[in-house]
Amino acid sequence: MCEKTLDYDKQLSYSGGVCRHRLGKGETLFKRTRYQHGSIEREQRKKGPAVWVYRWWEEDIDGKLVHRQAQVGDVKKYPTESAAHAAADALRLTINNQCAHRSLRRTTFNTLWEHYSNEELPLKALSTQDAYVIYADNWIIPRWGNLPLEEIKTVEVERWLRSTEVADGTKAKIKCVMSALFSHAVRWEFCSHNPISSGIPVGSGGKRGPTTGGRISAKRQKSPLVPSPEEVKLGPAKLEFRDQLLVFLDGALGIRQGELGALRWLDCDFENMSFSVQHSYYWRRGGNLKSTKTEASAKPLPMHPSLKDALLECRSQSLYNQAEHFVFPSERLKGKKPLDLASVLKKKIQPAFKSVGILESAGTPFDIQSEPCSQRWENIS
């Protein structure tokens, strides 16, 4: 039970549920929000391993206290109670968002990542989610996971990124992920500033932007090889017809890999000589058909006569030639999904160009999209 009269200092340091006070007889009831640690209990299941359950108190819309619970994980993932308590830190941050408790100021980057993964990451595209997880698990969490947010400084992050032996583009992406996480922390008031993007506390005024935050260049370390029309003819000569069409179609349209994979026959308007690229395909997580990355990507693209003839020939040879079928279907999966273009590029297209001396290695950056569509096809058709 809460005492009826408490001085101000005790009110700030008291922990527990929601406490209510009456100032006096006939006066209105008021409440104050206090920090909740919650509780962890182990529960058995009829099937599968036991699980850890986190419980806390919460007010409903009528102001009544309700007992809430959330599953943290099973005992295989968290063998001990202390491990389950650590895993529940992200939930603890969420339920205490309105509480100005000093322990919120000791949030570690590990806890921030768990909180971000539960609250904000699921709202992003699947490809973005997977990319964030890769950058966090491989680079960010191993280096910064156990540090409190207030101990992570702009210059230290900048020096660490510069010493990391990865491409400049990867360093820039790691920086962007860290900046997004700190922006999340600022919105939830886990810290007062974002040291990655600005390094300036919120509300202090002054200029903000990348010039005052971590300075990392995303410039290419190697310039992409741009083959001439004559060289482009040599590479496809080593390929079968389907892969030749892939190279020419990608070179002519300049679209993203996912957009090329998602291309269906209904997107090819042979009568008006145009393409309508409306979707992009993501191959992981069982495959996902989504909208294009930008509105500009969905604008109609011209179809060269030579490309039209090649596509019609491809359609006549394909087992999957209905309007809703993919232009480049996976025969192994009976046309239900498009061909894995990354695998085709790595195993067939790049080695073919390397064999004629165009690529120094199969991993060299390669760009055949250096000319306008019409000129490119006039040169290589």
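Being in the same structural domain as F241 (by TED's automatic domain parsing), assigned to a helix (DSSP H, G or I) and in contact with a helix residue (DSSP H, G or I) (Cβ under 9 Å, 6 or more places away or on another chain): is that true of L266 here? No; evaluated as a whole, the condition is false for this residue.
Scanning region 104-139 for residues that are charged (D, E, K, R), crowded, with 16+ Cβ neighbours inside 10 Å and assigned to a helix (DSSP H, G or I) yields a single hit, E114.
Where residues in region 145-158 are out of contact with any strand residue (DSSP E or B) (no Cβ under 9 Å at 6 or more places or on another chain) and hydrophobic (A, V, I, L, M, F, W, C), which of them is farthest from R187 (Cα to Cα)? That would be V155. Hey, does region 54-76 have a residue that's at pLDDT 85 or above and either surrounded by 15 or more Cβ atoms within 10 Å (Cβ to Cβ) or aromatic (F, W, Y) (or both)? For region 54-76, residues at pLDDT 85 or above and either surrounded by 15 or more Cβ atoms within 10 Å (Cβ to Cβ) or aromatic (F, W, Y) (or both): present.
Taking the criterion of being more than 27 Å from the chain's Cα centre (by Cα), in a strand (DSSP E or B) and of a type in the set (V, I, T), the only residue of region 65-93 that qualifies is V66. If you go through region 271-292 and keep only what is within 22 Å of L339 (Cα to Cα), free of Cβ contacts under 8 Å to residues at least 60 places away in the same chain, assigned to a loop (DSSP other than H, G, I, E, B) and touching a helix residue (DSSP H, G or I) at 6+ places or on another chain (Cβ under 8 Å), you end up with S276, V277, Q278, W283, T292.
Only one entry of E150, E158 meets the criterion of being over 11 Å from the mean Cα position of the chain (by Cα), over 26 Å from K290 (Cα atoms) and surrounded by 15 or more Cβ atoms within 10 Å (Cβ to Cβ), and that entry is E158. Please tell me if M273 is at positive phi and among the hydrophobic types (A, V, I, L, M, F, W, C). Here the answer is yes, as M273 does meet what is asked.
Against the test of being out of contact with any Pro (no Cβ under 8 Å at 6 or more places or on another chain), closer than 28 Å to A218 by Cβ, at pLDDT below 90 and of a type in the set (S, T, N, Q), the options S183, S198, S127 yield a single qualifying residue, S198.
The residue of region 301-312 that is surrounded by the most Cβ atoms within 10 Å (Cβ to Cβ), among those that are free of Cβ contacts under 8 Å to residues at least 40 places away in the same chain and out of contact with any Asp or Glu (no Cβ under 8 Å at 6 or more places or on another chain), is K308.
From the list V166, V177, V155, the lone residue that is hydrophobic (A, V, I, L, M, F, W, C) and part of a loop (DSSP other than H, G, I, E, B) is V166.
For region 323-355, filtered to residues that are among the polar types (S, T, N, Q) and either at pLDDT below 90 or assigned to a loop (DSSP other than H, G, I, E, B) (or both), the residue that is surrounded by the fewest Cβ atoms within 10 Å (Cβ to Cβ) is S355.
The values are calculated or read from the model by the stated rules, or taken from the named source; none is laboratory data. Bear in mind that the values here come from a model prediction, so they are computed numbers and not experimental data. No Cβ is skipped: glycine too gets one built from the backbone with ideal geometry, and neighbour counts run over all protein chains shown.
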